[in-house]
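The values are calculated or read from the model by the stated rules, or taken from the named source; none is laboratory data. All values reported here derive from a predicted model rather than from experimental measurement. Using ideal geometry, Cβ is built from the backbone for each residue, glycine included, and neighbour counts are taken over all protein chains shown. Side chains are part of the model used for accessible areas, which takes the heavy atoms of the whole protein and leaves out ligands, DNA and RNA. Shrake-Rupley method; radii C 1.70, N 1.55, O 1.52, S 1.80 Å.
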Amino acid sequence: MSRSATALKRLIVGRPMSSGELGHTLLPKGIALPVFASDALSSMAYATQEILLVLALVGVAALSLVVPIAIAVALLLAIVIVSYRQIVRAYPGGGGAYVVAYENLGFTSGLAVGAALLLDYILTVSVSITAGGDAIVSAMPGLADQKVGLTLALIALVTLANLRGSKESGRIFAVPTYGFVVAIYILIITGLVKCVGGCPQAESAGEHLEPEAMLTAFVLLKAFAAGTTALTGVEAIAEGVPVFRFPQSKNAATTLGILGVLSISMFIGVSWLTDHTNVVYTEEAARTVVAQVAHAIFGGGPMFYVIQILTALILILAANTAYTGFPVLASILAKDKMMPRQFRNRGDRLVFSNGIVILAISASLLVVIFDANLNKLIQLYLVGVFLSFTLAQAGTVMRWRRTREPGWRKSAAINAFGGTVTGIVLVVVILTKFKTGAWIIILATPLVMFLMRAVYKHYTYVSDQLAHPDRKPLDRRPGNAHFVILVRRVDAAAARAVGFARATRSADISAVTFDAANHAPWRRLAPDIPLETLRTQGHDFLLTHLRERRASLPRNDFLTVMTPEVLAAEGWYEIIRHPGLHRLKAKLVKEPNIQVLDIPLLATDIGPGVDEAQEPARNHVVVLISAVHNAVLEAIEYAETLRPTDIRAVSFGLDPEETERLGDRWLEARIPHPLEIEESPYRDLGESVIRYIERFDPDGVNRVVTVVIPEFIVSKQRHQVLHGHTALIVKRRLLFENGVVVVSVPYHL
Amino acid sequence: MAFLRELVDKLARPVHDIRAERLQEWARSIEGTVPIAEAQCRCRCKIAGVIQNIRIDPREASGSIEATVNDGTGRMVVKWLGRQQLSGIRLGAGLIFEGTVGEGPRKRLQVLNPEYQLLPAPEHG
C-alpha cells in the first residue's frame, strides 16, 4: 500500500494495534450498567408502542388495556431477571446462553442457541437502528422519505466505530444511557404532576379507529407477546461477567437487579402515561409513542427534543451491544468448529473484524428488505430471544442438579420456574407472530443450525485425518527427492532452479519444456540434465507426464515441479500477466503427492554473469507451521530430502491457545529439528514471514531461504472457504523477495 | 502542501517504529537496566525486554530453550540449557534478566542461564 493510502486508512480506522495491546479493562458497576444494559433499557423506547399497535386493531376502547398488559410483561421481566441472577452466579466465566446450553444440554441445543443468538444479534442491529432512525424522524419529519438511507448510514457509522475498536467506549456509553434513564424519569414525574388536574392530551387523542377485530384472548396474548420486546437485551450482562470488577458474579447480579428496577419502573410509567394522554397509535402514525407522550407533556419545548435525541442515541448504543456480542459469539463458535475459522482472526485494531463486517452486511440487508419498517422487523425478533432464555435456564437447572452446591435446590427451582415461564412465552410468541414474520426465523434457525453442523463435521473430519495415527513418518525409510524443472525460457531463474536442484544431491533431475528452441541454450546451462519437449503447449500433457512420473516412483519419494520465472516488475500485474502459469500451479497443487516449488526472480535482482547455474552454499529451510499434525510431518520429511544447511519449523503464534501447546506437542512428536515461535505482533503473516527471512540475508546465489508450506487439500472445492488461504497469502508476498524459494507440500485428506 | 506531507508522514509512520519507541520507554522505566544497544560483551548487565521469539531445540542432549528479547534498541538471546520447558516464557511477556553477556553463534549477543523475572506484557508491546 502506498504511503498516502496507509495514511488515509489510519485516519479512518486508526493505527494497527499490536497483540500486546489487548488487555482486559475491568468495568465498575457504574460503567458496566450502561455498557450492557443499553440494549435492555432501549427496548423501553418501543415496547409500549408494540402493545398499542396490537390493541389498536380492537378499537380505542381497548387501548386502556396497555397498563395491565405492561404489568404482566413487567412481571415476566422480574422473573427472568431473578432467574438470570442465578445464572450469573453459576457461570462466573460468562459465556451466556450458548455456553450454558452446549455444556449442559448437548451439541444440538448448543447449535440451536448459537444459531438463534446469531440471528438475534443481527435483528438487534436492524431493529435498534431502525427505531433510532424513527426517533430522529419523529423530531425531524422532513427526513421521513430518506428513512432507509438514514438507517443504513447509521449502521455504517456504528460499524466503523466498532472496526476502530473502542476500549474507552465505556464512558461514552455512560452519558446517553444515564441521560435516557433520567430523561424518561423526568417525563414520567412531570407527567404524573401534570396529570393531577387532568392529563394533557396527545396529538392523536380522540382519533377514531375502525375496529378490525374482536377482543379475544388471542388478541390479548398477541399484545402481551408484542410487549415482551421489553425483555430483549437482558442476557447481555450474563455474557459479560468476565469484564466486571471483582467480585464479578456479585457485581453482575447487582447490576442485573438495578437494570430490572429501572426497566420495570420506566416501562410501567411510560405505559401509564400513554394510557392517560390517550395516545392512539397505528402503523401510519408519524411519531413514535414516546415522542407523542413527550410532546403532550412538554409541548414542543427543548425537553421534547432532548428525549428524541437521547432515545436515538440509546438505540444506536443498543445496536452496539450486538456489535460486541455477535463477533465474540462467532469467535467462540469458530473455536468450537461450528463456524469458519476466519471468525477467530482479530483485525488490525484487535477486534474480530470478520464478524463485525458480516453483522453489518446482514443487518443492512434486513433493513433494505423490510424497508426500515420497525413494526415489520420486530415481528421476527422475539423467537430467538425466548428460545435462548429458555434453553439457558434449562441448562442451568441441569447444572444445579449435577453440582449440588449448597442451596442448589432453591436456585434450581428459580431457574426451572423462569425457564418454564419463558418456554410458555416462546410458544405464545410463535403462535401469535407466526403469520406476521416469525415464520422466517422459524425457518432460518434450523437452516443456520444445519450449516453450522456441516461446518462442524467438516472440521472434525479434517482434524481426525490430520491426526490419523497411520502416518508415522519417522519410523519410515526416508524418501528420495526427484525434480522436474518446468523450463519456459532458459534464463537466470532457470539457472537458479538448476543450482538449487543440484545442491540437493538428488540423483534424478530432469526438465521439460514446450518450446524446442530451448534445447540449445539448455545444453550450455545444464548439459547433465535431460530436457524433454512436450508436444503441445497444453497443460494437460504436462499433467499426464507428471502423473506418469509420479506413478513410477515409490510412495515415500517426493516429486517436485520447479517453476522458475523472471518477473519484470514488482506488483500485481506480474501475476495477471502470466495467467497460464498460475492456473497451472493451482492445478498442480491439487495433484496428489506432487510438490510445487516456486523460483521467482525479479529482473532487477539479476546480477551480472548469473546465467550460469551456481549451487547455493547455504540453504536454510523454514517450515511454516501452526500446529503439529500429519501435514506438518509430511512437510518436514520433504524438507529433509532437500539436504539443506538447516531445517527449522516456525510458528507465528497467530492462535494463542494452539501456540501454548505447541512446544509440548513438538517434543512429543520427537521431531529432530528446532522449533521457533516467532511473534507476529500485527497478525499479518506475510509481513512477519518477510521480516523473519530478512535476518538470513538471502541473495539467491550463495544464500537461499526455502519456505516450506504444509498445505492440506480438501477434496471438495466449496470446503476450501472453510480454511485460511495462508499458503496463497504467503506465496504472493514472497514472490518478490530475492533469494526466497517457496514450496507447498500438499497433504490430501 | 508541506503541512499535508507532514500529516501523511505522521499518519503513515511504520508501526514498528512506534512500537520500538514504546518498548524503549517501557524498558527505561525499569530501574537498573541497561539498553541492549549499550550492553557490551562480558559485562554483567540487567536487561529488560519483551520476548519476541522462543526456540526449543530437541537435538541438544538435555534440551535447551532460547528466548529472543527486544527492548526497542536491539535484540538479545537468552538461553537456558538443560531444560525444555519454562513456565511463563511466552511471546509478548516482559522479561527482566541479569547475567554475563557473551557472544553466541553468528555473533549474536547472548546470555546463558540468567536469573530472570517475568513481567506482564507492557501495554503497547
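Structure notes:
- Toward the positive end of the charge dipole of the range A:64-171, with +1 on the Cβ of Lys and Arg and -1 on the Cβ of Asp and Glu, the farthest Cα among A:T124, A:G96, A:I71 is that of A:G96.
- Take A:524-531, A:150-157 and order them by the average number of nearby Cβ atoms within 10 Å per residue, most first; the result is A:150-157, A:524-531.
- Relative contact order for the range A:684-749: 49 percent, from Cα pairs under 8 Å spaced at least 6 residues apart, divided by residue count.
- Between the range A:191-232 and the range A:234-272, the alpha-carbon centres lie 27 Å apart.
- Considering only A:L52, A:N630, A:I172, and ranking their Cα positions along the charge dipole of chain A that arises from unit charges at the beta-carbon of Lys, Arg, Asp and Glu, the one farthest toward the positive end is A:N630.
- Inter-chain shielding of B:11-21 (mean C-beta neighbours from other protein chains, 10 Å cut-off): 5
- Acute angle (nearest 10 degrees) that the helix A:302-335 long axis makes with the longest principal axis of chain A, alpha-carbon atoms: 40
- Fraction of accessible area attributable to carbon and sulfur, the range A:1-139 (%, probe 1.4 Å): 70
- Solvent-accessible surface (1.4 Å probe) assigned to B:D17 amounts to roughly 70 Å².
- By accessible area with a 1.4 Å probe, ligands and nucleic acids excluded, highest first: order of A:F343, A:F180, A:F450: A:F450, A:F343, A:F180
- In Å², nearest 10: area of A:K29 left accessible to a 1.4 Å probe: 80
- Carbon/sulfur fraction of accessible area - the range A:473-748, other protein chains in place, 1.4 Å, %: 51
- Peptides ranked, highest mean first, by Cβ atoms within 10 Å: ranges A:196-202, A:235-241, A:484-490: A:235-241, A:484-490, A:196-202
- Spacing of the two label points (7 Å from each Cα toward its C-beta) at B:M1 and A:R404, in nm: 8.3
- Estimated dipole of the protein assembly as shown in Debye, rounded to 20 [Cβ of Lys and Arg +1, of Asp and Glu -1, Cα centre]: 1340
- Of interest is the spacing of the C-alpha centroids, which for the range A:280-351 and the range B:106-122 amounts to 49 Å.
- 37 °C / 0.692 mPa s Stokes-Einstein diffusion coefficient of the range A:473-748, Kirkwood radius on C-alpha pairs, µm²/s: 171
- Annotation: B:W26 carries an accessible surface of approximately 50 Å², with a 1.4 Å probe and no ligand, DNA or RNA atoms counted.
- Residues of chain B: accessible area per residue with a 1.4 Å probe, Å²: 54
- Accessible surface of the range A:217-333, 1.4 Å probe: 72 percent of it comes from carbon and sulfur atoms.
- With all protein chains in place and ligands, DNA and RNA left out, the 1.4 Å accessible area ranks A:H482, A:H748 as A:H748, A:H482, largest first.
- log₁₀ of I(q)/I(0) at q = 0.07 Å⁻¹ - chain A, Debye sum with one point per alpha carbon: -0.62
- Interface size, chains A and B: roughly 2800 Å² of accessible area buried, both sides included, 1.4 Å probe, rounded to the nearest 100.
- A Cβ-based charge dipole, computed about the Cα centre of the range A:583-658 with Lys and Arg at +1 and Asp and Glu at -1, lands at about 260 debye.
- Reported to the nearest whole Å, the Cα centre-to-centre distance from the range A:635-685 to the range A:522-561 is 32.
- The mean sequence distance of close C-alpha pairs (under 8 Å, at least 6 residues apart), as a share of the length of chain A, puts its relative contact order at 16 percent.
- Note on the protein assembly as shown: helix-only mean residue ellipticity at 222 nm, from DSSP H runs of 4+ residues weighted -39500 (n - 2.57) and normalised by residue number, equals -17000 deg cm²/dmol.
- Solvent-accessible area lost in complex, 20 Å² minimum, residues of the range B:38-81 relative to chain alone, 1.4 Å: B:Q52, B:N53, B:I54, B:R55, B:I56, B:P58, B:R59, B:R75
- Among the GluC sites (Glu not before Pro) in the range A:626-660, none sits in a DSSP loop with a Cβ that has at most 16 other Cβ atoms within 10 Å.
- The mean number of Cβ atoms from other chains found within 10 Å of a Cβ in peptide A:675-683 is 6, as a whole number.
- The charge dipole of the range A:473-748, taken about its Cα centre with unit charges on the Cβ atoms of Lys, Arg (+1), Asp and Glu (-1) only, comes to about 940 debye.
- As a length-normalised measure over Cα pairs under 8 Å and 6 or more apart, the relative contact order of the range B:2-119 settles at 23 percent.
- Look at the dipole of the range A:473-748 built from charges on Cβ: of A:L559, A:A649, A:T544, the Cα furthest out on the positive end belongs to A:T544.
- Computed over the alpha-carbon pairs of chain B, the distance histogram in 10 Å steps reads 13, 41, 28, 11, 5, 1, 0 percent, short to long.
- Crossing angle, helix A:630-641 versus chain A [Cα axis fit, 0-90 degrees, rounded to tens]: 20
- Compactness ratio for the range A:611-735: Cα radius of gyration over 2.2 N^0.38 Å (N = residue count) comes to 1.10.
- Distance cut-off 16 Å, percentage of C-alpha pairs in the range A:224-268 lying past it: 43
- Overall dimensions of the range A:43-117, expressed as equivalent-ellipsoid semi-axes from the Cα gyration tensor (√(5λ), whole Å, largest first), are 35, 15, 9.
- Accessible area per residue in Å² at 1.4 Å probe, computed on chain A: 41
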